[in-house]
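A quick write-up on the structure given underneath.
The values are calculated or read from the model by the stated rules, or taken from the named source; none is laboratory data. Source: prediction; values computed, not measured. Reconstructed Cβ throughout: ideal geometry from the backbone, glycine too, with neighbour counts over all protein chains shown. Quick note on the areas: whole protein, heavy atoms, side chains included, nothing else; ligands and nucleic acids left out. Shrake-Rupley method; radii C 1.70, N 1.55, O 1.52, S 1.80 Å.
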Amino acid sequence: MAIRVIITGTTGMVGEGVLHECLHSPDVEKILVVSRKPGGVSDPKLSELIVPDFFDLSAIETKLSGYNACFFCLGVSSVGMKKEDYERMTYDLTMNFARTLAKQNSDMQFCYISGASTDSTEKGRMHWARVKGKTENDLQKLGFKNTWLFRPGALKATPGLKNTLPYYKWISWLIPPVEFFFPNTVSSLAQLGQAMINVVTRGYDKNIIEVKDIKVLARQA
């Protein structure tokens with residue numbers, strides 16, 4: 001299966017890492033990056049669509065057709081945000097983009113970067129986890145061919161990429177011992193990207209992808 005993928009969030013650490021894996025994967029034949037600003041990456045199989053407002057996709061809606069996968073890596077931290085702002089940027093924005101893709105691509109598989117401890121019941125104490133859970137739940141109602149919900153934990157950065165979060169240079173030494181003692185809490189950004197590619201091409205026996213599943217999928221040939 002040749003993947004024709006739309007990727008969001010590539011000016012952030014996770015999206016850039018996923019894009020990096022797609023650029024180097026023979027399974028990916030075409031990439032459309034949808035972003036608010038140029039990413040500065042050039043490749044024969046890569047095109048870029050600049051969208052000032054992700055809440056208004058009317059001008060570019062038809063340009064989103066002809067793809068069979070979306071790797072949705074766009075997201076914000078809840079730290080310091082008002083609850084209503086976090087809901088708008090996490091739930092409303094994601095659902096608006098996903099609904100548009102569902103209308104344009106009947107055979108699309110949608111991969112959503114959620115997070116460890118996401119609350120599928122939508123009833124827990126943590127606001128961010130409830131919002132992520134609601135987003136996950138409602139994405140599954142849109143009629144995609146498959147909806148894959150990725151819940152990474154701590155991520156080991158990919159060396160050489162420019163959007164690695166600044167504090168990683170101070171905490172990166174902590175990740176190896178954490179992974180040694182708690183292997184199901186840490187994966188690499190490379191493994192995450194590889195897992196997303198492999199789940200689209202090969203499938204998996206469940207659609208909520210935890211850290212241990214990311215590692216399994218990344219090893220699939």
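Protein chains only, probe 1.4 Å: how do H24, H127 rank by accessible area, largest first?
Values: H24 130, H127 35 Å².
Sorted by accessible area, descending: H24, H127.
Taking 0.36 nm per residue of sequence separation and removing the Cα-Cα distance, the V79/H127 pair yields an extension gain of 16.2 nm.
Between A154 and M95, the contour length at 0.36 nm per residue exceeds the alpha carbon distance by 18.7 nm. Of the residues I171, I209, I60, the one that moves most in a GNM of the chain with alpha-carbon contacts below 10 Å is I171. Think of the chain as having a plus end and a minus end, set by charges on the Cβ of Lys, Arg, Asp and Glu; of N184, L93, Q220, N184 sits farthest toward the positive end of this dipole.
Of all aspartates and glutamates in the structure, those lying under 13 Å Cα to Cα from K103, and not within fewer than 8 positions of it along the same chain, are E61.
May I ask you to give the average projected area over all directions of the convex hull of the Cα atoms of the stretch 90-221, in nm² rounded to one decimal?
Working: hull surface 37.7 nm².
Convex hull of Cα atoms, orientation-averaged projection: 9.4 nm².
Average accessible surface for the stretch 139-221: 55 Å² per residue, computed with a 1.4 Å probe over protein heavy atoms with every protein chain in place. The alpha-carbon of K82 sits under 18 angstrom from the alpha-carbons of these lysines, leaving out residues fewer than 8 places away in its chain: K132, K134.
Put simply, the amide H of Q220, placed in the peptide plane, has no neighbours under 5 Å, leaving out anything fewer than 5 places away on its chain. According to the calculation over all Cα-Cα pairs in the stretch 76-116, the P(r) per 5 Å bin from zero is 5, 20, 25, 21, 14, 10, 5, 1 %. For the cross-link pairs K37/K63; K162/K215; K156/K215; K37/K162, the ones whose C-alpha atoms lie over 20 Å apart are K162/K215. FRET efficiency for the L142 to V178 pair, using the beta carbon distance and R₀ = 41 Å, is estimated at 0.70.
Compute the semi-axes of the equivalent ellipsoid of the stretch 45-156, taking the square root of 5 times each eigenvalue of the Cα gyration tensor, and list them largest first in whole Å. Walk me through the numbers on the way to the answer.
Values: eigenvalues 117, 51, 37 Å².
Its equivalent ellipsoid spans semi-axes of 24, 16, 14 Å.
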